[in-house]
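Presented below is the structure to which this report refers.
The values are calculated or read from the model by the stated rules, or taken from the named source; none is laboratory data. Just so it is clear, the structure is predicted and the values come from calculations on it, not from any experiment. So basically every Cβ, Gly included, is an ideal-geometry build from the backbone, and we count neighbours across all protein chains shown. Protein only, heavy atoms only, side chains kept; ligands, DNA and RNA dropped before computing areas. Shrake-Rupley method; radii C 1.70, N 1.55, O 1.52, S 1.80 Å.
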Amino acid sequence: MAVHIVDAGESLWMISTKYGVSTQTIVELNGLPSSNALAPGLALYLPDHLPPLHSYRIKAGDHIWNLAQQFNSTPEAILAANPGLNPTQLMIGQTINVPSPMKSDLATLGFLVPSSEAANLATLNSIAGQLTYLAVVAYSFTEEGYAFNMVEDAALVARSNQLKVVPLMMIRNLAGTDFSAELAGRVLENPTYRANLVASIVNLTKQRGFGGVSIDFEFIPPARRNDFILFLMALKKGLGELILHVNVHAKTADIPTNRIIGAYDYAGISNAVDLVAVMTMDYGYPGGPPDPIAPIPWLEQVIQYSLTQINPRKLQIALALYGYDKVVGTNQTRALSVTAAQNQAIAVGGPIEFDPTAKAPWYRYWPSGKEHIVWFEDIRSYIEKYNLMGLYRLAGTTFWQISLPAPQNWAYLSKNFNVVRRMV
């Protein structure tokens, strides 16, 4: 893995020559608009033949020599990857990089909202090798608890099964296009409606050829916290060997009365289901002040709290394939893919900055005299997040959403991880 940060005055030809990589390869791997479009501060992902780097936290009894054996590496390679490291003075809790040909296993899930069938299938075909699960975002339920399909998805489900990517029926508490606390509360508090929801989800899952279910109930009234657990337990029983995956809002402490996170009893949810995805996105949220999408210090705090409640082999964290362009002063927000955010920076001339604390890229520009600040993700911020997955030995990650172009992410994932397959 090589990451090159563009300096002012550099051309793609100069970078191509330096690394021995064709300009066309650089353009494709990074989603660039053309072969002469760059901006200062732009992070380019470049292919190389080096082994993956694993983040490892030193524990009692560790030595460079036994770590080399454990990772099928060499002491010399480990020392080269950690300049200044004294092999005789390793500190417990210290994080080091370990180069190794061994790839870590990762269970990945891509969310996809059905739209153009041809475009959706093309997206799925292009990245199927990087997905364990495909969550088809196309279902909601009535006030009496009957699940229903909102968008036709039969072709996606069929193709997913052909590609050995497990399709999951993703159901949300939507009333129209918005999450409804009232809808979730009404159904969860009523045993009859709750049973209706369980039965209808199980029936739809089996009838439509899904390998399981992904639940995304947001703004559940905190008073329904225990009812949500009862619902999940009954649903898992009905699904049997099929997958039950649940998405929960990120938090760093349990606040049972909070209207956003209060209904999520992490431990109870984890005990009831197969996988829990913590939605580690939107720290900088739409309508809020310009902030990073998922700053590393916050993300690590969320992981550390989550691991007090959730088995790490059940825990996924979320990666955003988007950024937010905000008008300073009004916080008016426009969402755009990470590639579109990057290429907009190129169009306005950058420069792209990289926040050393958040470990995330951003830039500002002034269309029509109005200051805009754009926070997004790039190869550097993705690497930091993948390092945390390895450091804490998490089950994997989710991507919202895969129709948003993010070629750097997919290239890095393919090179450095073994995406696990699950047959159901």
Looking at segment 202-227 only, could you name the residues that are under 24 Å from the mean Cα position of the chain (by Cα) and more than 22 Å from Ser160 (Cα to Cα)?
Phe217, Glu218, Phe219, Ile220
Residues being over 15 Å from the mean Cα position of the chain (by Cα), under 27 Å from Asp378 (Cβ atoms) and either β-branched (Val, Ile, Thr) or buried (at least 17 other Cβ atoms within 10 Å of the Cβ) (or both) - total across segment 266-297
3
Pairing a residue in segment 170-189 that is polar (S, T, N, Q) with any residue that is open to solvent by 30 Å² or more (accessible area, probe 1.4 Å), where Cβ atoms lie under 7 Å and the two sit 6 or more apart in sequence or on different chains, gives Asn173/Phe179
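What about Pro99, is it open to solvent by less than 80 Å² (accessible area, probe 1.4 Å) and more than 23 Å from Ile383 (Cα to Cα)?
On the way: open to solvent by less than 80 Å² (accessible area, probe 1.4 Å): yes; more than 23 Å from Ile383 (Cα to Cα): no.
Answer is no for this residue.
Got at least one residue in segment 78-86 being surrounded by 15 or more Cβ atoms within 10 Å (Cβ to Cβ), touching a helix residue (DSSP H, G or I) at 6+ places or on another chain (Cβ under 9 Å), touching a residue at least 24 places away in the same chain (Cβ under 8 Å) and outside any strand (DSSP E or B)?
No, because not a single residue in segment 78-86 is surrounded by 15 or more Cβ atoms within 10 Å (Cβ to Cβ), touching a helix residue (DSSP H, G or I) at 6+ places or on another chain (Cβ under 9 Å), touching a residue at least 24 places away in the same chain (Cβ under 8 Å) and outside any strand (DSSP E or B).
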Considering segment 206-232 alone, what residues qualify as being in contact with a strand residue (DSSP E or B) (Cβ under 9 Å, 6 or more places away or on another chain), of a type in the set (D, E, K, R) and farther than 19 Å from Tyr133 by Cα?
Glu218
